[in-house]
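Enquirer: Here it is: the structure, laid out below.
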Amino acid sequence: MTDYSFDTLQVHAGTEPDPATGARQVPIYQTTAYVFKDAEHAARLFNLQEVGYIYSRLTNPTVSALANRVAALEGGVGAVCCSSGHAAQIMALFPLMMPGCNIIASTRLYGGTITQFSQTIKRFGWSAKFVDFDDLEALEAAVDDNTRAIFCESISNPGGYVTDLPAVSAVTDKVGLPLIVDNTLASPYLCRPIEHGATLVVHSATKYLTGNGTVTGGVIVDSGKFNWSASGKFPSLSEPEPAYHGLKFHEALGPMAYTFHSIAIGLRDLGMTMNPQGAHYTLMGIETLSLRMDKHVANAKTVAAWLEADPRIDYVTYAGLESSPWHERANRVCPKGAGALFTVAVKGGYDACVKLVNNLKLFSHVANLGDARSLIIHSASTTHRQLTEAQQVAAGAAPNVVRLSIGIENAADLIADLDQALAVATA
Ligand SMILES: *Cc1c(COP(=O)(O)O)cnc(C)c1O
């Protein structure tokens with residue numbers, strides 16, 4: 001199956017006609033538990049000697065179909081679906097971390113992720129150090145004996161900045177740590193982080209994978225390439241795990257160790273499970289992922305170029321524009337397009353931004369992105385409100401900028417809407 005091209009995989013990977021009924025589309029297995037053939041069968045399932053269904057907190061046929069499809073699209077060996085993108089991030093760190101461990105994270109992240117990493121994970125005894133990932137020396141210098149992972153976004157929210165994944169993965173290889181890439185804004189159609197050296201890929205399926213604002217979900221994909229036993233830093237994977245009757249996951253399961261650990265311990269004990277109905281909607285969304293992403297990118301280029309030429313605008317951050325300092329990097333890291341999310345600095349600052357948001361008719365003012373509909377938000381007064389102004393500026397969410405998520409409507413209609421609202425905002 002993995003020999004097929006992306007357009008074929010997005011429709012077929014991970015699914016077959018339903019073995020019980022022949023149903024061509026993946027049914028919603030709205031079910032909790034699965035009958036064991038006999039006591040032996042049950043024992044083999046619980047020992048991970050045989051793969052099968054036990055209880056839907058761990059695995060469910062509809063959710064597994066989605067996991068397998070996303071793994072195929074990202075070029076990974078396995079995947080785990082979670083209840084949200086934020087759940088996927090905690091779940092991604094869980095097999096790697098112990099109290100006292102830290103991660104090195106990019107300063108350019110989704111606002112909620114900065115809060116999750118700078119505040120909430122402290123409750124687990126974990127911590128994060130934030131570094132500008134364009135400063136590779138600073139990145140390497142931040143690593144200490146307790147560092148267990150390096151985390152960044154391929155294309156970052158809100159500015160549409162592109163991370164130099166090949167350069168960052170050269171550093172993570174050198175220091176022997178896993179690189180986790182949040183690929184939400186690019187989707188596997190525009191960027192395949194594993195090909196650039198990522199160990200794990202995380203997604204908020206809430207965004208482009210589903211593509212229409214109907215689901216809250218997340219996915220973790222494992223490349224299967226990291227040697228969890230080499231450094232002794234990942235005992236939950238390399239040593240006998242007391243939470244799973246002493247199983248040595250890496251020794252027993254090889255490249256599938258991380259995926260099985262995430263299901264058998266992560267989902268079992270943290271319970272951040274995706275529901276079958278949500279998985280079904282995301283599977284439907286993914287069938288048209290490449291078509292939608294091409295249209296998102298084409299529209300984003302047209303709208304960003306129009307805004308950049310408009311005298312009411314200070315600057316546009318879209319990496320798809322030739323004027324962007326990230327343009328060359330975007331062509332290398334995400335050759336099919338730099339996504340459809342960017343920020344716009346409006347002359348007139350904070351007040352003009354608020355008026356712009358209030359006067360748009362087609363764009364919706366919401367805290368979401370990656371919808372078929374075009375969306376806008378003033379990050380400084382909403383998603384990035386919890387941050388200091390210095391953190392807002394570092395994250396690309398300064399008070400004078402709005403963030404646009406360009407949808408798949410007609411680009412001329414989007415421009416007309418921005419034109420009339422800018423006229424009011426800057427009058
Ligand atoms: C939305 C988002 C998240 C969080 O995902 P949820 O599904 O809302 O929990 C994480 N990373 C990025 C880049 C996002 O856009």
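Enquirer: How about the range 361-375: which of its residues are surrounded by fewer than 23 Cβ atoms within 10 Å (Cβ to Cβ) and modelled with pLDDT of 95 or more?
Expert: Lys361, Leu362, Ser364, Asp371, Ala372, Arg373, Leu375
Enquirer: Hand me the list of strands (runs of 3 or more DSSP E) wholly inside the range 120-232 holding 2 or more residues that are touching a Lys or Arg at 6+ places or on another chain (Cβ under 9 Å).
Expert: Once the strands (runs of 3 or more DSSP E) in the range 120-232 are filtered for at least 2 residues that are touching a Lys or Arg at 6+ places or on another chain (Cβ under 9 Å), what remains is 147-153.
Enquirer: What helices (runs of 4 or more DSSP H), lying completely within the range 1-79, carry at least 2 residues that are hydroxyl-bearing (Ser, Thr, Tyr), loosely packed, with under 12 Cβ neighbours inside 10 Å and free of Cβ contacts under 8 Å to residues at least 40 places away in the same chain?
Expert: Of the helices (runs of 4 or more DSSP H) lying wholly inside the range 1-79, none has at least 2 residues that are hydroxyl-bearing (Ser, Thr, Tyr), loosely packed, with under 12 Cβ neighbours inside 10 Å and free of Cβ contacts under 8 Å to residues at least 40 places away in the same chain.
Enquirer: Out of all the residues in the range 80-96, which are open to solvent by 10 Å² or more (accessible area, probe 1.4 Å) and away from the ligand (no atom under 12 Å from the Cβ)?
Expert: Residue satisfying the conditions is Phe94 alone.
Enquirer: If you don't mind, there's one more thing I want to ask. Output the residues belonging to the range 305-329 that are among the small types (Gly, Ala, Ser) and under 27 Å from the mean Cα position of the chain (by Cα).
Expert: Within the range 305-329, Ala305, Ala319, Gly320, Ser323, Ser324 meet the criteria.
Enquirer: So, Asp314, is that one surrounded by fewer than 17 Cβ atoms within 10 Å (Cβ to Cβ), under 20 Å from Leu369 (Cα atoms) and not assigned by TED's automatic domain parsing to the domain that holds Ile220 or not?
Expert: No: the conditions fail for Asp314.
Enquirer: For the range 188-205, check the following and say yes or no: at least one residue is within 13 Å of the ligand (Cβ to nearest atom), among the β-branched types (Val, Ile, Thr) and open to solvent by 10 Å² or more (accessible area, probe 1.4 Å).
Expert: No, there is no match, as no residue in the range 188-205 is within 13 Å of the ligand (Cβ to nearest atom), among the β-branched types (Val, Ile, Thr) and open to solvent by 10 Å² or more (accessible area, probe 1.4 Å).
Enquirer: Still on this structure: Given the residues Gly213, Gly197, Gly218, which is the only one that is within 26 Å of Asp164 (Cβ to Cβ) and touching a residue at least 40 places away in the same chain (Cβ under 8 Å)?
Expert: Gly218
Enquirer: Moving on. Within the bounds of the range 334-346, is there any residue that is outside the structural domain of Leu109 (by TED's automatic domain parsing) and touching a Cys at 6+ places or on another chain (Cβ under 6 Å)?
Expert: For the range 334-346, residues outside the structural domain of Leu109 (by TED's automatic domain parsing) and touching a Cys at 6+ places or on another chain (Cβ under 6 Å): present.
Enquirer: Find the residue count for the range 333-369, including only residues that are over 26 Å from Gly85 (Cα atoms) and not aliphatic (A, V, I, L, M).
Expert: Going through the range 333-369 one residue at a time, the tally reaches 10.
Enquirer: Answer with yes or no whether Leu375 is within 19 Å of Ala425 (Cα to Cα) and either within 16 Å of the ligand (Cβ to nearest atom) or assigned by TED's automatic domain parsing to the domain that holds Gln119 (or both).
Expert: yes
The values are calculated or read from the model by the stated rules, or taken from the named source; none is laboratory data. Remember, predicted model here, so these are calculated numbers, not experimental data. Note: ideal-geometry Cβ built from the backbone for every residue, glycine included; neighbour counts use all protein chains shown. To get the accessible areas, we keep the full protein, side chains included, count just its heavy atoms, and leave off ligands, DNA and RNA. Shrake-Rupley method; radii C 1.70, N 1.55, O 1.52, S 1.80 Å.
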